[in-house]
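Notes to accompany the following structure.
The values are calculated or read from the model by the stated rules, or taken from the named source; none is laboratory data. All values derive from a computational prediction rather than experimental measurement. With ideal geometry, Cβ positions are generated from the backbone for all residues, glycine too; neighbour counts draw on all protein chains shown.
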Amino acid sequence: MIIDVTIPGDRNVIKKEAKKILKYKDLITEIQCMWKVKAKVIPAITGVTGTTSKLLRHYLRKLRNYIKTAILGTAHILQNMLM
């Protein structure tokens, strides 16, 4: 998962979001081929005036699920190691 946070000074939030996704497209493909894992880009973009894209809530919900999964996985590993 690649998280890219940007705060543009103008209102081109949607254009910046698309630009960030395209920027990391090759890297995501390389990560998926090299490590045999799923990889995604989460562009967290908020304009200076508070403008956000409609997909920001969706991206943050995905991020929350990934964090929850990582914490539960870590707890499971620790539980197995300590017992």
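Numbers for the structure displayed
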{"read-out": "Hits in the range 40-73 - residues which are under 21 Å from K25 (Cα atoms) and of a type in the set (A, V, I, L, M, F, W, C)", "value": "V41, I42, A44, I45, L55, L56, L60, L63"}
{"read-out": "Of all residues in the range 10-53 being among the aliphatic types (A, V, I, L, M) and more than 18 Å from the chain's Cα centre (by Cα), the one that is modelled with the lowest pLDDT", "value": "V48"}
{"read-out": "Hey, I7 out of contact with any Cys (no Cβ under 6 Å at 6 or more places or on another chain) and surrounded by 15 or more Cβ atoms within 10 Å (Cβ to Cβ) or not", "value": "no"}
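Quick grid of which residues meet (1) surrounded by 15 or more Cβ atoms within 10 Å (Cβ to Cβ); (2) within 16 Å of D4 (Cβ to Cβ); (3) touching a Ser or Thr at 6+ places or on another chain (Cβ under 6 Å):
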{"position": "L27", "(1), (2), (3)": "no, yes, no"}
{"position": "I42", "(1), (2), (3)": "yes, yes, no"}
{"position": "T46", "(1), (2), (3)": "yes, yes, yes"}
{"position": "Y66", "(1), (2), (3)": "no, yes, no"}
{"position": "H76", "(1), (2), (3)": "no, no, no"}
